[in-house]
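Remarks on the structure that follows.
Computed from the coordinates by the stated procedures, all read-outs in this text should not be read as laboratory data. Keep in mind that this is a model prediction, so the values were computed, not measured. Cβ atoms come from the backbone with ideal geometry, glycine included; neighbour counts cover every protein chain shown.
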Amino acid sequence: MAKPFHLGWFTNFTQGDWTNPVSQGTGSWDGKFFVEMAQAMERACFDYIMLEDTLMVSEAYGGDAAATLRHALQVPKHDPIPLAAMIAAQTSKLGVVATMSTMAWPPFMLARVSSTLDSISGGRFGWNIVTSGEDIAAQNFGMDKLPPRESRYAMADEYVDVVCKLFDSWEDGAVVKDRATGTYADHTKVHAIHYEGQFFKVRGPLNTVRSPQGKPVFVQAGGSPRGRAFAARHADSIIAVGNGVEGMKKYRDDVRQHAVKAGRNPDDIKVLFLVYPFLGETDEEAQARHQRMINEPAFIEAALAAVGTVTDIDFSKFPLDEPLPPLTTNGEQGSLDKFAQWGSGKTLRQLAQERFDAGIPLIGSPDTVADHMAEAMEAIGGDGFLISTPFQRISRRTVTEVCEGLIPALQRRGLVRKEYTKTLLRDTLREF
Ligand SMILES: Cc1cc2nc3c(=O)[nH]c(=O)nc-3n(C[C@H](O)[C@H](O)[C@H](O)COP(=O)(O)O)c2cc1C
């Protein structure tokens, strides 16, 4: 039997599938939808829920926020950290990963909130390390422009160094709670770090207790060579976009080589590829619903505006029925490459329609999709998939289709976990 693979779900604190006549999307903004979603994921034995985040209202499409707001693309978006605490409090096995940008959070605050969440969750917290990729987000933090990729990563390297020192500023066993001597913590096991680097100066120690995992699980998504090198050094799990099975295999092989060069065991880094399973009771039903979605009049504009939010490129400037000219971005280059299918000769309209399916198309009944996922994973070599929905339009319906349709189909094939055997998220990821 094939080795099982890992599963995450990529979502964010947004309105979800509000356009669907049989859905309220994520409903009101009290966060309870996501708690129920996480509980369903826990019954299905996912490794983690991954809460994406960005810090702006995008004006990439057409130079203003009209399309972003019209289609509710990544906005409104509420903060993932309080939501992560809610989810952690009402689950017991599922990993809870939340995004925090090195551009926005001072390292001391990030270490403190991560350590707190790791304690609240009993050792199931993960930090999705991002550097932010949009000029307009940088402008919310006192800058005129996003720093170039190279300096964002240089800063992120130092940032991770600082927070790791902070996490270790409380040794294991520092808390002694000795009533006989009236000692709560042994001061010889709690250390200032006196960090002084090129970008950060932090005294330490942290004022939180050492958390169950010591440091949270590190998740990362950089696809550039620099991003992959960063991830290979620091990440426990990588969330990635890849062009088809071949592109995904290449990506993973490359990260694993970088990991070996960095002196790490490549099996300690789980690469999860973003996919958009589109499910129905039968293949025909799924295909028909998918066709309806991509032929809706608003779909093309929403798809182009959505790629624009992560690449900072205004796709309204290009003719719909011609191929795209060559483009690069200081934002998500990997997402741009996947979207653009360079060299395919496809028109922008076709690219928009294939926006969510160019990785591995997964449209059909749970059994059909499970078979495709099995074949793909075998060809890629590991380590798993990160499920998502077009435009992150989730609803109770999509959660049920995946957790009660697709996952049982994968479990029947012995492809994914049927029970948790570990307590800490890092151990869950390393279970196989
Ligand atoms: C699957 C995936 C998820 C991502 N999630 C976020 C996110 O939540 N917030 C964010 O600011 N950037 C996010 N990014 C962007 C990455 O953190 C990174 O900035 C981007 O991929 C560019 O990296 P590169 O320059 O190494 O290619 C994500 C990227 C990918 C591929």
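Positive end of the dipole of segment 328-407 (Cβ unit charges, origin at the Cα centre): among 384, 370, 340, the Cα lying farthest that way belongs to 340.
Mean sequence separation of contacting Cα pairs (under 8 Å, at least six apart), scaled by the length of segment 355-432, corresponds to a relative contact order of 28 percent. Relative protection proxy for 111-123, 276-288, from highest mean packing down: 111-123, 276-288 (other beta-carbon atoms within 10 angstrom). The H on the amide N of residue 278, modeled in the peptide plane, is under 5 Å from the matching H of 362, 363, 364, each at least 5 residues off or on a different chain.
For segment 73-143, the Cα-based Rg and Dmax, in that order, read 13.3, 40 Å.
Computed on segment 102-230, the Cα convex hull volume stands at 116 Å³ per residue. The packing ranking, built from the mean of other Cβ atoms within 10 Å per residue, places the peptides 218-228, 299-309, 54-64 in the order 299-309, 218-228, 54-64, highest first.
Between segment 376-403 and segment 189-205, what is the C-alpha centre distance in whole Å? Distance between centres, Cα-based: 40 Å.
Summing Cβ point charges (Lys, Arg +1; Asp, Glu -1) relative to the Cα centre of segment 218-275 gives a dipole of roughly 160 debye. Converting phi to 3J(HN,Hα) with the Karplus coefficients 6.51, -1.76 and 1.60 and the offset θ = phi - 60°, segment 319-332 yields x, 5, 9, 10, x, 6, x, x, 9, 10, 9, 8, x, 8 Hz in sequence order, with x at every glycine or proline. Rounded to the nearest whole Hz, the Karplus-based 3J(HN,Hα) values (6.51 cos²θ - 1.76 cosθ + 1.60, θ = phi - 60°) of segment 176-191 follow the sequence 10, 6, 9, 5, 4, 9, x, 10, 7, 10, 7, 5, 6, 10, 10, 10, with x at glycine and proline. Per-peptide packing, taken as the mean over residues of other Cβ atoms within 10 Å, places 98-108, 144-154 in the sequence 98-108, 144-154 from highest down. Here the Gaussian network model covers the chain, with springs between Cα atoms less than 10 Å apart; of 327, 410, 386, 327 fluctuates the most.
In segment 373-432, which trypsin sites (Lys or Arg not before Pro) are in a loop and have at most 16 other Cβ atoms within 10 Å, using DSSP for the loop call? Don't jump to the answer; show the numbers that get you there.
Values: sites: 393, 396, 397, 412, 413, 417, 418, 422, 426, 430; in loops: 393, 413, 417, 418, 422, 430.
Sparse-neighbourhood loop trypsin sites (Lys or Arg not before Pro): 413, 418, 422, 430.
The three principal axes of the C-alpha atoms in the chain carry coordinate ranges of 75, 51, 45 Å, sorted with the longest axis first. What separates the Cα centres of segment 294-323 and segment 101-116 is a distance of 34 Å. Note: relative contact order over the chain, using C-alpha pairs below 8 Å and six or more positions apart, is 23 percent. Cross-link check: pairs 201/338; 3/250; 165/270; 77/145; 189/418; 32/165 evaluated at a Cα-Cα cut-off of 30 Å; pairs beyond the cut-off: 201/338; 189/418; 32/165. Taken over the alpha carbons of segment 1-90 as equal point scatterers, the Debye sum produces base-10 log I(q)/I(0) values at 0.25 Å⁻¹ of -1.29. All C-alpha pair distances within segment 302-420, sorted into 10 Å bins from zero, spread as 12, 37, 29, 19, 3, 0 percent across the bins.
In debye, nearest 20, what is the charge dipole magnitude of the chain about its Cα centre with +1 on Lys and Arg Cβ and -1 on Asp and Glu Cβ, if you could check? Don't skip to the answer; put the middle values down first.
Details: 46 positive and 54 negative charges, 217 e Å.
Computed about the Cα centre, the dipole is about 1040 debye.
Dipole of the chain computed with +1 at Lys/Arg Cβ and -1 at Asp/Glu Cβ about the Cα centre; of 194, 11, 360, farthest Cα towards the positive end is 194.
Only helices enter this figure: runs of n ≥ 4 DSSP H residues, each worth -39500 (n - 2.57), summed and divided by the residues of the chain, yield -11000 deg cm²/dmol at 222 nm to the nearest 500.
Return the loop-located chymotrypsin sites (Phe, Trp or Tyr not before Pro) in segment 302-350 (DSSP other than H, G, I, E, B) with at most 16 other Cβ atoms within 10 Å of their own Cβ; answer none if there are none. All intermediate terms of the calculation are to be shown ahead of the outcome.
Details: sites: 315, 339, 342; in loops: 342.
Filter output for segment 302-350: 342.
In this Cβ point-charge picture (+1 for Lys and Arg, -1 for Asp and Glu), segment 301-432 has a dipole of about 400 debye about its Cα centre.
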